[in-house]
Structures are given as C-alpha cells and as structure tokens.
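The values are calculated or read from the model by the stated rules, or taken from the named source; none is laboratory data. Since the structure is predicted, the reported quantities are computational estimates derived from the model, not experimental observations. Ideal geometry is used to build each Cβ from the backbone, glycine not excepted, and the neighbour counts take in all protein chains shown. Just so you know, the surface numbers come from the protein's heavy atoms only, side chains and all, with ligands and any DNA or RNA stripped out. Shrake-Rupley method; radii C 1.70, N 1.55, O 1.52, S 1.80 Å.
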Amino acid sequence: MKNILVIGSTGQIGSELTMKLRGLYPQGNVVAGYISGAEPKGELLESGPSALVDITNPGQIADAVDRYKIDTIYNLAALLSAVAEVKPQLAWKIGLGGLFNTLEVAREKGCAVFTPSSIGSFGNSTPHTKTPQDTIQRPETMYGVTKVSGELLSDYYAKRFGVDTRSVRFPGLISYVAPPGGGTTDYAVDIYYYAVNGETFKCPLKPGTLMDMMYMPDALRAAVEIMEADPSRLKHRNSFNITSMSFDPEEIYAKIREYVPDFKMEYELDPLRQKIADSWPDSLDDSCAREEWGWKPEYDLDAMTRDMLKNLRIKLNKDK
Ligand code: SER
C-alpha cells in the first residue's frame, strides 16, 4: 500500500495530481499538504485527508509523515520561472531549502521522493535542438539554479543515503483546471482562455520561440509511472527529459484557428519572459525515459487543442 504526501497540493500540478493519486491508490492515504492561504477546497478537501505542510518547516513535514505513515512524497512546492526572478531569495528557500528539508525527512523515515525538474534547468550554453539527457546545464535564472541544484541534491541522497529519489524534467504544462501563475510557458495556457472568451490574445513571446510543452494528463501519468518504474532498469534518476510536443506561438495560434477561425492574436513582448524562453531548449530528446521506464506521450498539439477547447467551453459556460 502506498501512503502518499503531496506537498503543494493546491498548486498548478498538485491540485490535479492529488486527485489522480486518490483514484489510483484508494486503499492508502493520499494526504493533501497545503500552506496557509492556499487551503484545499471542494473535491480536493472532501476526497481525503489534508495537512498543513509548509515545506520550509521540517517539523511539519515530519509530523505529516509520522501521522499518516507516509512512504512516498510528491514535492511540488516551487515558484515558477518569471516569479522566481522577481523573488529569487524566496525561490531558493522554497525550491532548495524545501527540498533539503524533504530529503532529510525522507532519509530519516524511509520515504521515496518525487521532485519535478524542468526545461528551465537548461541554459544558453545547452544544445537547443534535441537537447540530450546528459548535457550542459548552466541556467541563468534562479528557477533554473534551484532545479539543477535539486537534481544534484536528489541524486546525492540516492547514492549517499539510499533515498529512492526520482524525477522528470517537465516541459511547459497545459491544463484547463488550475490556472498557472508566473511561468514562461504559461502563454500556451492563457491563449486558450482568450480563444474561448472571444478576445484578442496579446502574446508575450515572439514568433519562432520554440519550447517543449505537454498536456497535463500526460504529465500526471509521467509522475506516477516514474515512481512505479522498475528500479533495476533506471540508469538515470534525477532527472529524465520528457516531452510531448514543441511549438512556437505561431503554431499554437494556427492550430487554435482551425477550430476558432475568427480568433485573433497580437504580439506584446515581455522582455523577461522572452529572455528566459530564449535560454531554454527548442526541443528535448526524451529517448532515455522511453528506454528506461517506457515513457510515451499520448497527446499531440491537435489532440490537446481539441480537449482544451471542449473543456474550457464547459468551464467558462461558453458551450453552445
Ligand atoms: N512552466 C515552467 C515555467 O514556465 C517551466 O517549467 O516557469
């Protein structure tokens, strides 16, 4: 039986991952860890236990692990890339300080730990096309610095202390459920809301800005599958490249217009986001994840677009 603690359960990934885990491990506890001011509500609150777990407070992590006999921690606490540039000290405190606290509790109490890394762990000196699994990682954003350091720290705890740490490098994640906040890839979520609301979208990135992206159902499945993978097959741990698709603003705009022909997009560049996006890969090579644990995406740009538009129309009451 798996007893799971999700730290950051009310965030962009956590709110959906917690519900997915509760569906997959109904016999165990899937505890929704939250911080004050971001309490779980509705289905997330009602479908299972929740606990106040601020990742910067090691005592709160340890208490929840003891109380619910936790054996697996999903650590999803982080500030996204653009916000982390505005608050770099807080980004470090949560991203790295928080990870250290989590790994120490995991070491003492024998938990496995999943902590996502990101395309943000790469930088300008990384090969941008078909970015290999093992390559140069010299990011210049605080988000990226915390992600590379987190990969190294997680591998250290695996080798030195035998903590079962595993991770994937998520591309930009797209979902109609929880709105993201403060990321560089988030334009690819916002654009669907504008299309469904019949408003002109002002794109913060210029044409030709390619980045890897993934629909949330694939991302959630990846987070589960990597933790369920046969450890004897894993040559890597922290962290696996995974991707579903790579597109630029023109391609996603053209795809949406296939289904919303009168949709309009203009460009209004955000220099901070553009600089960050330019430093990230255009496309990842995820062959190691495919070989070592059978990773395979299900959604491409077309399938994702149809599903996003369908579900956002329902969510925003635009269904005709
Ligand atoms: N979606 C994240 C961001 O844009 C990247 O992992 O910050």
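Would you say residue 83 is within 15 Å of the ligand (Cβ to nearest atom), open to solvent by 40 Å² or more (accessible area, probe 1.4 Å) and at negative phi?
When the stated conditions are applied, residue 83 passes them.
I'd like to know if the stretch 236-254 contains one or more residues that are farther than 17 Å from residue 151 by Cβ, surrounded by 21 or more Cβ atoms within 10 Å (Cβ to Cβ) and among the small types (Gly, Ala, Ser).
Within the stretch 236-254, one or more residues are farther than 17 Å from residue 151 by Cβ, surrounded by 21 or more Cβ atoms within 10 Å (Cβ to Cβ) and among the small types (Gly, Ala, Ser).
Of the residues 149, 154, which is closer than 29 Å to residue 228 by Cβ, in contact (Cβ under 8 Å) with a residue 12 or more places away in the chain and touching a strand residue (DSSP E or B) at 6+ places or on another chain (Cβ under 6 Å)?
Exactly one of 149, 154 is closer than 29 Å to residue 228 by Cβ, in contact (Cβ under 8 Å) with a residue 12 or more places away in the chain and touching a strand residue (DSSP E or B) at 6+ places or on another chain (Cβ under 6 Å), namely 154.
Out of (1) over 13 Å from the mean Cα position of the chain (by Cα); (2) of a type outside the set (Phe, Trp, Tyr); (3) within 12 Å of the ligand (Cβ to nearest atom); (4) open to solvent by 10 Å² or more (accessible area, probe 1.4 Å), what's the single condition that is false for residue 207?
Residue 207 satisfies every listed condition except (3).
Scanning the stretch 60-80 for residues that are under 20 Å from the mean Cα position of the chain (by Cα) and open to solvent by 10 Å² or more (accessible area, probe 1.4 Å), which turns out farthest from residue 36 (Cα to Cα)?
Out of the qualifying residues, it is 80.
Would you confirm whether any residue within the stretch 17-32 is crowded, with 23+ Cβ neighbours inside 10 Å, on the phi < 0 side of the Ramachandran plot and within 16 Å of the ligand (Cβ to nearest atom)?
Within the stretch 17-32, one or more residues are crowded, with 23+ Cβ neighbours inside 10 Å, on the phi < 0 side of the Ramachandran plot and within 16 Å of the ligand (Cβ to nearest atom).
Kindly check whether there is at least one residue in the stretch 94-110 that is under 22 Å from residue 242 (Cβ atoms), open to solvent by 10 Å² or more (accessible area, probe 1.4 Å) and among the acidic types (Asp, Glu).
No, every residue in the stretch 94-110 fails to be under 22 Å from residue 242 (Cβ atoms), open to solvent by 10 Å² or more (accessible area, probe 1.4 Å) and among the acidic types (Asp, Glu).
Any idea which residue in the stretch 159-187 is nearest to the ligand (Cβ to nearest atom), counting only those that are open to solvent by 20 Å² or more (accessible area, probe 1.4 Å) and in contact (Cβ under 8 Å) with a residue 40 or more places away in the chain?
Filtering the stretch 159-187 for residues that are open to solvent by 20 Å² or more (accessible area, probe 1.4 Å) and in contact (Cβ under 8 Å) with a residue 40 or more places away in the chain, the one nearest to the ligand (Cβ to nearest atom) comes out as 180.
Report those strands (runs of 3 or more DSSP E) wholly inside the stretch 102-217 carrying at least 2 residues which are out of contact with any Phe, Trp or Tyr (no Cβ under 6 Å at 6 or more places or on another chain) and under 29 Å from residue 292 (Cα atoms).
Passing ranges, in order: 112-114, 168-170, 172-174, 211-215.
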